[in-house]
1. Could you please find all residues in region 36-51 being under 11 Å from L135 (Cβ atoms) and among the hydroxyl-bearing types (S, T, Y)?
2. What's the number of the only condition in (1) free of Cβ contacts under 8 Å to residues at least 60 places away in the same chain; (2) part of a loop (DSSP other than H, G, I, E, B) that N50 fails to meet?
3. Could you look through region 285-315, keep only residues that are among the small types (G, A, S) and within 25 Å of F119 (Cα to Cα), and pick out the one that is modelled with the highest pLDDT?
4. Take region 71-88 and flag every residue that is in contact with a helix residue (DSSP H, G or I) (Cβ under 7 Å, 6 or more places away or on another chain) and surrounded by fewer than 23 Cβ atoms within 10 Å (Cβ to Cβ).
5. Test of understanding: among I238, I243, I226, I277, which residue is at pLDDT 80 or above, of a type in the set (A, V, I, L, M, F, W, C) and under 26 Å from Y65 (Cβ atoms)?
6. For region 1-35, give me each residue that is surrounded by fewer than 11 Cβ atoms within 10 Å (Cβ to Cβ) and at pLDDT 85 or above.
7. Quick one: count up the residues across region 161-206 that are assigned to a strand (DSSP E or B) and free of Cβ contacts under 8 Å to residues at least 60 places away in the same chain.
8. Just give me the residues in region 93-103 being within 15 Å of K2 (Cα to Cα) and either modelled with pLDDT of 75 or more or not in a helix (DSSP H, G or I) (or both), in sequence order.
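The values are calculated or read from the model by the stated rules, or taken from the named source; none is laboratory data. Since the structure is predicted, the reported quantities are computational estimates derived from the model, not experimental observations. All Cβ positions, even for glycine, are placed from backbone atoms using ideal geometry, and neighbour counts span all protein chains on display.
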Amino acid sequence: MKTIRKLIHGEIIKAVSFVALGFLALFVFFDIVDQLQALNRLAKSGYQFNHALIYVTLLIPGHLYELLPLSVLIGSIFVMARFAQSSEFTILRTGGLGPWRALGSLFKLGLIFVAVTFFVGDYVAPVANRKAQLLKAQFQGLITVGQTGAWLKEKQKDLNYAVNVGALSSDGQLAQIRIHAFAPDGRLKYVIRAPSARMGHSEWLLTNAEKRDYNFEGKTTAHIDIQQASELSWATEISTEMIAAALLSPDRMQTLDLFQYMRHLAENGQNAQRYEIEFWRKVFYPLSCLVMLSLALPFAYLHFRSGHITGYVFGGVMAGISFYLLNNVFGFMGNLNNWQPWLTSAAPALIYSAISLATFWWLVLRQ
């Protein structure tokens, strides 16, 4: 059995690696073509071709994370169909490789792909994507969203804070800071403005800050005290990862950071639906490799001796693309219709798992 497992696993790993490299080469080519426009636009800022190559290289882990389940499906379908065409799988079946044993063997290999997908998506891709964005920011300016930047809320003891971060600089510092503090009755207590800030341990160190204290003497009038400080410390639990999540796409965050930011939004009464869906998507997405392998197994039980494998591989490509599209569509629909986040993220995998099990029963167990 070890020999059979080694044969099947080895062939699938080689096929999946070849497919993944082919897809990555295609995406790298598209990214380089896209960077040619940036070279012209940012030439005056010193953006050169070597910077573009570094930027494109840093995008590769993100592409690999998105492409791994699709590569697993196409590579495993190719191997299973080739085994069926050459009657190798029929010989393996006569040697004692039953349907459930074959499925279990593929799932053991699938756990390796799940671990690789999780590691790349949770550790390598977020770090590489953030470095890519900061590299680009060195030449095109600050990282921001819209005209007002990102807004966050936080509760501290008897004060409620509304924090506005205009942008994130290329060295990871905050820019265009505004902090509004409100009393429990809704009155404005003070406003802090600062052109920049750097993150400390559970605090922000604001540079050239201006603080305006509003001392209300009645219901409508207030006396304003203005203070200037070259450096002002403000205690907060808002971390760099939370700022990056607000200014960058949440799929660039690690799962733990995304969970903490999701909890922060919920605790402060903000809508966390989008981030909850993304969190559960990052949890379930690596498991889709198991679904892809279960979809590929029925191809080994097809009875044909002649013809091309191309048609079956093309069918696998279409199935993988449809899974990828369905995964994104469910994310958008769940966010718009306020669906249960974990069910929204798990639905594509559940649907394709049902399809693969039904196909497995029809082609294998029913015979």
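1. Matches in region 36-51: Y47 only.
2. If we test N50 against (1) free of Cβ contacts under 8 Å to residues at least 60 places away in the same chain; (2) part of a loop (DSSP other than H, G, I, E, B), just (2) comes out false.
3. Within region 285-315, the first condition is being among the small types (G, A, S), and the residues that meet it are 288, 294, 296, 300, 306-307, 311, 315.
Narrowing further to those that are within 25 Å of F119 (Cα to Cα): 288, 294, 296.
Numbers: S288: 89, S294: 85, A296: 85.
Looking at the filtered set, the residue picked out is S288.
4. Step one: list which residues in region 71-88 are in contact with a helix residue (DSSP H, G or I) (Cβ under 7 Å, 6 or more places away or on another chain), which gives 71-81, 83-84.
Hits for region 71-88 are F83, A84.
5. On the way: I238 fails: under 26 Å from Y65 (Cβ atoms); I243 fails: at pLDDT 80 or above; I226 fails: under 26 Å from Y65 (Cβ atoms).
The match here is I277.
6. To start, the set of residues in region 1-35 that are surrounded by fewer than 11 Cβ atoms within 10 Å (Cβ to Cβ) comprises 1-3, 6, 25, 33.
Within region 1-35, A25, V33 qualify.
7. First, the residues of region 161-206 that are assigned to a strand (DSSP E or B): 161-168, 174-182, 188-200, 203-206.
With free of Cβ contacts under 8 Å to residues at least 60 places away in the same chain added as a condition, the list becomes 162, 164, 166, 175-182, 188-200, 203-206.
Residues flagged as assigned to a strand (DSSP E or B) and free of Cβ contacts under 8 Å to residues at least 60 places away in the same chain within region 161-206 amount to 28.
8. Narrowing region 93-103 to residues within 15 Å of K2 (Cα to Cα): 93, 95-98, 101-103.
Answer for region 93-103, where residues must be within 15 Å of K2 (Cα to Cα) and either modelled with pLDDT of 75 or more or not in a helix (DSSP H, G or I) (or both): G95, G96, L97, G98, R101, A102, L103.
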